[in-house]
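The block underneath contains the structure these notes are about, expressed in structure tokens.
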Protein chains: 2
Amino acid sequence: MVRKLEKRSGCIQHTLAILGDKWTALIVRDLSEAPLRFCDLESSLEGISPRTLSQRLDKLELEGVIVKRLYCEHPPRSRYHLTRKGSELQEILIKMADWGARHSSS
Amino acid sequence: MVRKLEKRSGCIQHTLAILGDKWTALIVRDLSEAPLRFCDLESSLEGISPRTLSQRLDKLELEGVIVKRLYCEHPPRSRYHLTRKGSELQEILIKMADWGARHSSS
């Protein structure tokens with residue numbers, strides 16, 4: 001008998017509501033490596049529209065998964081960082097990447 | 001610097017294509033505890049329609065995540081089991097459940 005996966009019902013749904021779509025997971029993946037600017041993410045996430053990226057970033061900020069920080073450069077630039085809560089999603093993504101690597105044929 | 005999350009691009013997407021929707025994750029969660037009949041899953045997954053459950057089960061069978069086995073009982077009954085590939089999704093769900101438990105407010 002495996003240990004009960006959810007101690008409390010709704011926890012998996014809560015996580016999937018944040019991480020369940022393709023783009024969100026990939027944004028967290030990219031920010032795991034370094035803080036990035038909007039345009040960095042746009043070029044890394046091939047096929048995403050600026051509007052969708054903007055919506056996903058807003059949602060992740062609202063959820064406390066990422067934070068936008070202004071850098072005093074010339075010109076001033078802002079970069080997105082993972083928060084502590086966001087960093088804790090990395091463990092899930094690592095497991096997802098491992099499973100995908102084992103079971104995708106290409 | 002964290003280790004690169006994906007050794008090969010597309011692995012996270014591959015996993016999310018299977019596990020990304022709410023019902024699929026919950027079906028795998030329930031089958032992690034025991035093989036179940038269609039009607040067991042229907043009553044466990046509150047709000048799912050028989051048609052949606054049937055579609056999800058077909059997709060998971062096609063993906064090799066679950067298998068349907070006929071039991072020689074009177075009347076004969078079939079139960080859904082996780083395959084080895086499906087069992088390997090448990091690690092992801094455990095991490096999701098833990099993250100959700102830490103960060104959902106209710």
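Holding the Cα-Cα limit at 23 Å, pick out from A:Lys22/B:Lys7; A:Lys7/B:Lys59; A:Lys4/B:Lys7; B:Lys7/B:Lys59; A:Lys95/B:Lys68; A:Lys85/B:Lys22 the pairs that are longer than that. Please report the intermediate quantities before stating the final value.
Working: A:Lys22/B:Lys7 17 Å; A:Lys7/B:Lys59 27 Å; A:Lys4/B:Lys7 30 Å; B:Lys7/B:Lys59 27 Å; A:Lys95/B:Lys68 26 Å; A:Lys85/B:Lys22 21 Å.
Cα-Cα > 23 Å for A:Lys7/B:Lys59; A:Lys4/B:Lys7; B:Lys7/B:Lys59; A:Lys95/B:Lys68; rest within.
About the Cα centre, and with charges only on the beta carbon of Lys, Arg (+1) and Asp, Glu (-1), how big is the dipole of the protein assembly as shown? Nearest 20 debye, please. Before the final figure, lay out the partial values.
Working: 36 positive and 28 negative charges, 55 e Å.
The dipole of the protein assembly as shown has a size of about 260 debye.
Counts of other chain beta carbons within 10 angstrom of each beta carbon in peptide B:16-23 average 5. Measuring between their Cα centroids, the stretch B:66-91 and the stretch B:25-57 lie 12 Å from each other.
Using only protein heavy atoms and a 1.4 Å probe, how much accessible area in total is buried between A and B, to the nearest 100 Å²?
4500 Å²
Given a Förster distance of 22 angstrom, what is the FRET efficiency for A:Thr83 paired with A:Lys22, based on the Cβ-Cβ distance and rounded to 0.05? That pair, A:Thr83 with A:Lys22, gives E of 0.55.
Can you pull the mean other chain C-beta count within 10 Å for peptide B:26-33?
Numbers: counts 6, 0, 2, 7, 1, 0, 5, 5.
The mean count of partner-chain Cβ atoms within 10 Å per residue comes to 3.
Per residue, chain A exposes 53 Å² of accessible surface when a 1.4 Å probe is rolled over the protein heavy atoms with every protein chain present. Amide H contacts of A:Thr83 (H built 1.01 Å from N, in plane; Pro and chain starts excluded): A:Ile66, A:Val67 sit under 5 Å, all sequence-distant by 5 or more or on other chains.
To one decimal place, what orientation-averaged projected area in nm² is obtained for the convex hull of the Cα set of chain A? Intermediate values should be presented prior to the final figure.
Working: hull surface 35.3 nm².
Projected over every direction and averaged, the Cα hull of chain A covers 8.8 nm².
For the stretch B:82-103, the residues whose backbone nitrogen is under 17 Å from a point 7 Å from the Cα of B:Glu61, taken along Cα to Cβ, are B:82-84, B:86.
Summing -39500 (n - 2.57) over the DSSP H runs of n ≥ 4 in chain B and dividing by its residue number, what mean residue ellipticity at 222 nm do you reach, to the nearest 500 deg cm²/dmol? Kindly include the intermediate steps, with their values, before the conclusion.
Details: 6 runs with 59 residues, N = 106.
It comes out at -16000 deg cm²/dmol, rounded to the nearest 500.
Along its principal axes, the protein assembly as shown has C-alpha extents of 78, 41, 29 angstrom, given from the largest down. Placing +1 on each Lys and Arg Cβ and -1 on each Asp and Glu Cβ, with no other charges, gives the stretch A:1-96 a dipole about its Cα centre of roughly 400 debye. Output the 0 to 90 degree angle, nearest 10, between the alpha-carbon long axis of helix A:22-33 and the longest principal axis computed from the alpha carbons of chain A. Relative to chain A, helix A:22-33 is tipped by roughly 70 degrees. The angle between the Cα long axis of helix B:90-103 and the longest principal axis of the Cα atoms of chain B comes to about 70 degrees, rounded to the nearest 10.
The values are calculated or read from the model by the stated rules, or taken from the named source; none is laboratory data. Treat the numbers as computed from the prediction; the structure is a model and nothing was measured. Glycine also receives a Cβ, built like all others from the backbone with ideal geometry; neighbour counts cover every protein chain displayed. SASA here: full protein model, heavy atoms, side chains in, ligands and nucleic acids out. Shrake-Rupley method; radii C 1.70, N 1.55, O 1.52, S 1.80 Å.
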